[in-house]
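Enquirer: Sharing a structure here in structure tokens format.
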Amino acid sequence: MNIDTILHFINIYGYLIIFLFLFLGIVGIPAPEESLLFLIGVLIAQDKLSFPLSVLAAFLGAFLGMLVAYVCGKYVGYPFINKYGKYVGITNERWEKAKRNYMENIQKTIVFGFYIPGMRQISPYFAGISSTPFRDFFLLSLLGTTLWIGPFIVAGYYLGSAFNINPEYVPYLGVFFLIIFVIYGAFKYIKRKKQKSNN
């Protein structure tokens, strides 16, 4: 979906489309979330959107998306895996191992998983499937949502104010951020592997 289409939808549907894009992006339907958040900041700087309403719509979309995905994982995911997992190689032993690994890093996975495309979609489902306590998931998702949408919108706002960014260039910035996160993730993975091999 190109930037003209997004701008067209925002012009027609306003803050509802921000909510829907973020909600659908979290539950697993492809949407340019980082680019959209940055674009929101740019449009706020250009007085085309309200700061509080934009932040509220983005926050509610992402946060409610996390909660819905968690509920789906809890009440649909585990019965499905338990019944059909064996046909795709998900044995009880593998499932228990994956569950233990997830639970050991649950706080980091939920909070900082927002910054990793794919992880933020899988994480809430897996939290539900692995029976993560709802209260813990709720609080971690609340924190993660805030730490994710805030910096992108604020960055778009300040950079949009300072450099008068053309909204058409925003998707390229989204790709730039994605590359940075991938490189950072790869660096952390390699470092962790080296530490394990040294031990």
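Enquirer: Quick check on residue 16: is it under 23 Å from residue 139 (Cα atoms) and either in a helix (DSSP H, G or I) or not small (Gly, Ala, Ser) (or both)? If you could, list the steps in order and put the result at the bottom.
Expert: Values: under 23 Å from residue 139 (Cα atoms): no; either in a helix (DSSP H, G or I) or not small (Gly, Ala, Ser) (or both): yes.
No.
Yes/no matrix, rows are residues, columns are (1) under 21 Å from the mean Cα position of the chain (by Cα); (2) modelled with pLDDT of 75 or more; (3) surrounded by 14 or more Cβ atoms within 10 Å (Cβ to Cβ):
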| site | (1), (2), (3) |
| --- | --- |
| 23 | yes, yes, yes |
| 53 | yes, yes, no |
| 78 | no, no, yes |
| 94 | no, no, no |
| 99 | yes, no, yes |
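Enquirer: To continue, here is another question. List every residue pair whose Cβ atoms sit under 6 Å apart, with the two residues 6 or more apart in sequence or on different chains, where the first one lies in segment 126-137 and is surrounded by fewer than 19 Cβ atoms within 10 Å (Cβ to Cβ) and the second, anywhere, is of a type in the set (A, V, I, L, M, F, W, C).
Expert: none
Enquirer: Something else about it: Applying the selection to segment 145-190, what residues are basic (Lys, Arg) and modelled with pLDDT under 65?
Expert: Scanning segment 145-190 gives no hits.
The values are calculated or read from the model by the stated rules, or taken from the named source; none is laboratory data. All of these numbers come straight from a predicted model, not from anything done at the bench. With ideal geometry, Cβ positions are generated from the backbone for all residues, glycine too; neighbour counts draw on all protein chains shown.
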